[in-house]
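Structure record follows, encoded as structure tokens.
Each value in this text was obtained by applying a stated rule to the coordinates, not by laboratory testing. If you're wondering where the values come from, they're calculated on a predicted model, not measured in any experiment. Glycine gets a Cβ as well: all are built from the backbone with ideal geometry, and neighbour counts include every protein chain shown.
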Amino acid sequence: MPATGRPLATERTESIMRTTLDLAQEIGYAKLSIEGVAARAGVGKHTIYRRWPSKGALFLDAVLSLNQSDLEYPDTGDIRADLRAQIHAAVDLLGRPPLGPLYRALLGEAQHDPAVAASLNERFIVPQAEKTVARMRRSMDGGQLAPDLDLDLVMEILSGPLYFRFLISQEPLTHERVDRVLDVLFTGLAPRSSQDAPRQ
């Protein structure tokens, strides 16, 4: 039993994932290999294959092992402020190493590996989307948002411009860009009476 009291298998798993992240940052995901990870971690490649069926599966677990606690939603009662705070936190994480480049590589791998795509959706993308929808639903119930909104569609419209920058144009993700997206989106999200009210 290790001095920390944790099982050896747990420590070995964490060591392999840390090694995977280190190597991916050093040489890029395309050059990453199970053999390279095994050599750096000091284990046999069969030890890795017993835990993960592919390089993509190993990389998925390694990336998702990074701390995501900053992506929890605040609930101050102001939906616009809460969305801004949460998306600013996400942009800060994605805009700097290690998570940004690693997450971009993971999304790329998901386009080629259906198992990785399914697991990424189940473990990260869908839960994050559900948090967004749940936060908006509470605001809808409180009268801050129009009562007939398709919240799943709103979530897609909200995240689409940010993923476009992150994956397609690869322009910087900034707080200012997030604020502009929210400004445009919330023009159409307010209850009808608020939209019809005369401007002061």
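The calculated FRET efficiency for Asn121 paired with Asp92, based on their beta-carbon distance and R0 = 35 Å, is about 0.90.
Extension gain, Leu185 to Ala134, is 16.6 nm, computed as 0.36 nm per intervening residue step minus the present C-alpha separation.
Database remark: amide H of Leu145 closer than 5 angstrom to the amide H of Met140 (H placed geometrically; neighbours at sequence offset of 5 or more, or on other chains; Pro and chain starts carry no H). Is any residue of segment 18-61 close enough, with backbone N under 14 Å, to a label point placed 7 angstrom from the Cα of Leu8 along the Cα-Cβ axis, and if so, which? Taking a point 7 Å out along Cα→Cβ of Leu8, the residues of segment 18-61 whose backbone N falls under 14 Å are 43-44. Once both labels are positioned 7 Å from their Cα atoms along Cα-to-Cβ, the gap between Arg50 and Asp141 label points is 4.8 nm. Each of Tyr49, Tyr29 was scored by other Cβ atoms within 10 Å of its Cβ. Listed from fewest to most, they are Tyr49, Tyr29.
Multiplying the residue separation of Ala81 and Ser15 by 0.36 nm and removing their Cα-Cα distance gives an extension gain of 19.9 nm. Under the criterion of Cα pairs below 8 Å and six or more residues apart, the relative contact order for the chain equals 18 percent.
Restricting segment 1-110 to GluC sites (Glu not before Pro) that sit in a DSSP loop and have at most 16 other Cβ atoms within 10 Å of their own Cβ leaves Glu72.
Derived scalar couplings between HN and Hα for segment 167-172 equal 9, 9, 7, 6, 6, x Hz in order, rounded to whole Hz, by the Karplus curve 6.51 cos²θ - 1.76 cosθ + 1.60 (θ = phi - 60°), x for Gly and Pro.
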